[in-house]
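Colleague: Encoded as structure tokens, here's the structure I'll be asking about.
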Amino acid sequence: MQLSLPKLKRRSLTKLVVLVLLVALVCWGAIPGYLAGGKWRWASPPRIVVLKQLKQLKQDGLALTEWQTLDRQTPIIGDRQWVQQTIRANLSAEQRVDGSPTEATLFLFPQNGPMDQPAVEWTDLDGAQGWKTDSARTAEFVTSPLPALVSARFFRAWTEKQTYAVLQWYAWSGGGHAMPSHWFVVDRLAQWRDRRAAWVAVSVLLPIEPLGDIEKSWLKLESLAQTVQVNLMEGVLNDNAG
């Protein structure tokens, strides 16, 4: 089938726009590093100031304010080592909403090095757990006193034994998002200052009743997620001393 001249022009224009966007993305990642010292940034990326703390996180896990760690493991998920913690809220009987202690599971995967980028963490983790999922939506929360806006993936997951309300996001200093592309932009901006946006993949699992409504657990899950984000920003992601 032959195309008319106007259609050919429109198709050529579309290809040109796509090409310009691709070139812009390449330059966005390369120019900051090249201007900084004449070397391409992907060949010699800036150092990660908090890399030592990130490695320590794999050994020690994450200490959380007002939460007690009952168990800590380092499972291999997707050929990479994660941190898995079972935690319980330090609440008195009067503070408990339903009279029972609040327990949750925390999965963490800290960045391994300057070339390590977030990509398939959720696919690896979801596959390893062997759960089914539904009711997925985007959920935002804000932290204090350290201000940060996080946009997370909120969904229900279940196996034959247990149902969970799950919240997942990539945490970095000053914020977080479930989509790796958002970290990419933050990291490129950091490279203009010869820095990196260190990250930690976070997945919080709160047990609920079989195939229960996850919205009923949102306030508990939001509070725990805020605690996790703040403790990460105050600890392993704090590069002020770097």
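Laboratory data are not the source of any read-out in this text; all were calculated from the coordinates shown. Note that this is a predicted model, so its numbers are computed, not measured. Note that we place each Cβ from the backbone using ideal geometry, even for glycine, and neighbour counts take in every protein chain shown.
Colleague: Sorting 233, 115 on the 10 Å Cβ count, fewest up front, what's the list?
Modeller: Fewest-to-most Cβ neighbours within 10 Å comes out as 115, 233.
Colleague: Sticking with this one: With a sphere of radius 12 Å drawn around the Cβ of residue 124, what net charge do the other residues whose Cβ falls strictly inside it have (Lys, Arg +1; Asp, Glu -1)?
Modeller: Every neighbour counted, the sum reads -2.
Colleague: Just want the ordering: 177, 182, from fewest to most Cβ atoms lying within 10 Å of their own Cβ.
Modeller: Fewest-to-most ranking of 177, 182: 182, 177.
Colleague: Here's a follow-up. Over the stretch 106-181, what is the relative contact order in whole percent, taking alpha-carbon pairs under 8 Å and six or more residues apart?
Modeller: It rounds to 23 percent for the stretch 106-181.
Colleague: If we count every other residue with Cβ under 11 angstrom of residue 67's Cβ, Lys/Arg +1 and Asp/Glu -1, where does the sum land?
Modeller: Surrounding charge for residue 67 is -1.
Colleague: Here is a further query. For residue 211 and residue 149, compute 0.36 nm times the residue count separating them, minus their Cα-Cα distance, and round to one decimal in nm.
Modeller: Length difference between fully extended and current span is 19.4 nm.
Colleague: Once both labels are modelled 7 Å past Cα along the beta-carbon direction, what's the residue 140-residue 194 spacing in nm?
Modeller: Result for the modelled spin labels: 3.5 nm.
Colleague: Moving to a separate point now. Less than 15 Å apart at the alpha-carbon level, and either on another chain or at least 8 residues along: which aspartates and glutamates does that give for residue 55?
Modeller: By straight Cα distance, residue 55 reaches 116, 239.
Colleague: I want to make sure I understand the PRE zone here: with the label point 7 angstrom from the Cα of residue 159 toward its beta carbon, which residues in the stretch 99-135 have backbone N atoms less than 18 Å away?
Modeller: Taking a point 7 Å out along Cα→Cβ of residue 159, the residues of the stretch 99-135 whose backbone N falls under 18 Å are 103-108, 122-134.
Colleague: Using the 10 angstrom Cβ neighbour count as an exposure proxy, how do 47, 196 rank, fewest first?
Modeller: 47, 196
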